[in-house]
Amino acid sequence: MLVACAPMRTSAPAPLKAGELPQFSASAWPEADLLFHRDPHWLGADAAFSVDLGKGRVLWLFGDTFIAKSELHLRRESQMVRNTIAVQSGLDPSRAQIEFFWKAGPASWLADRPQEWFWPLHGVRIPGGPLILFWSRVRETPGEGLGFRATGWTAVIIDNPDDSPNQWNPRELAAPPFPAGILPAQG
């Protein structure tokens, strides 16, 4: 569900005291929420990051996603893939269009590897240039904790982000090593 957030104060806020947090209010934005219900096969995901592609386009990166496998479009008759993406055209989500992408099967947009999959972290568009997307590498750990753990991260580059994602060819970038046990943006 999309919500619109705004500060509760209507005048210039007083400086915050040490340890004080700003106060915000939020309300549902049903007209914008409809954007994510336009593809009957894309039934929802558990993570979402947005990246400004420029020219009124926004890339959405999603984690575990339900993709309908039947014409009933029900989650109980769907397949979960580890990641999907979408491109929103128009900056006002209550009026924008959106197109979702995943691989045939259905399968993750950024292909899983043997024993490893990718969850989105975030991304950045270099103005007028390529798109760089950051991903968490995750491995199944049966009987341990939640049954999975982050094993690292990777970044991929998209050289032609102004084209449709159907024409993108993500290339993995060399990731610098981090000290043992330290992974960027991992929870």
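Only one residue in A155, A150 is open to solvent by less than 60 Å² (accessible area, probe 1.4 Å), without any contact (Cβ under 8 Å) to a residue 40 or more places away in the chain and under 25 Å from G54 (Cα atoms). Which one?
Selected residue: A155, the only one of A155, A150 that is open to solvent by less than 60 Å² (accessible area, probe 1.4 Å), without any contact (Cβ under 8 Å) to a residue 40 or more places away in the chain and under 25 Å from G54 (Cα atoms).
Could you list, in sequence order, all residues of segment 49-64 that are assigned to a strand (DSSP E or B) and surrounded by 15 or more Cβ atoms within 10 Å (Cβ to Cβ)?
Selection gives F49, V51, L53, R57, V58, L59, W60, L61, F62.
I'm told A104 meets every condition in (1) farther than 27 Å from D39 by Cβ; (2) without any contact (Cβ under 8 Å) to a residue 24 or more places away in the chain except one. Can you identify the failing condition by its number?
Unmet for A104, out of (1) farther than 27 Å from D39 by Cβ; (2) without any contact (Cβ under 8 Å) to a residue 24 or more places away in the chain: (1).
Can you name every residue in segment 65-100 that is of a type in the set (G, A, S) and either free of Cβ contacts under 8 Å to residues at least 60 places away in the same chain or loosely packed, with under 15 Cβ neighbours inside 10 Å (or both)?
Matches in segment 65-100: A68, S70, S78, A86, S89, G90, S94.
Give segment 78-136 a look and list any residue that's under 12 Å from the mean Cα position of the chain (by Cα) and either among the basic types (K, R) or part of a loop (DSSP other than H, G, I, E, B) (or both), or say none.
R82, N83, W109, L110
Could you tell me whether T141 is over 26 Å from D52 (Cα atoms), touching a Phe, Trp or Tyr at 6+ places or on another chain (Cβ under 8 Å) and surrounded by 10 or more Cβ atoms within 10 Å (Cβ to Cβ)?
Against the criterion (over 26 Å from D52 (Cα atoms), touching a Phe, Trp or Tyr at 6+ places or on another chain (Cβ under 8 Å) and surrounded by 10 or more Cβ atoms within 10 Å (Cβ to Cβ)), T141 qualifies.
So which residues in segment 111-128 are under 18 Å from L53 (Cα atoms) and open to solvent by 20 Å² or more (accessible area, probe 1.4 Å), if there are any at all?
L121, H122, V124, R125, I126, P127, G128
The values are calculated or read from the model by the stated rules, or taken from the named source; none is laboratory data. This one's a predicted model, so the numbers in the text were calculated from it and none came from an experiment. Every residue, glycine as well, gets a Cβ built from its backbone with ideal geometry; the counts of neighbours run over all protein chains shown. We work out accessible area using only protein heavy atoms, side chains counted, and drop any ligands, DNA or RNA first. Shrake-Rupley method; radii C 1.70, N 1.55, O 1.52, S 1.80 Å.
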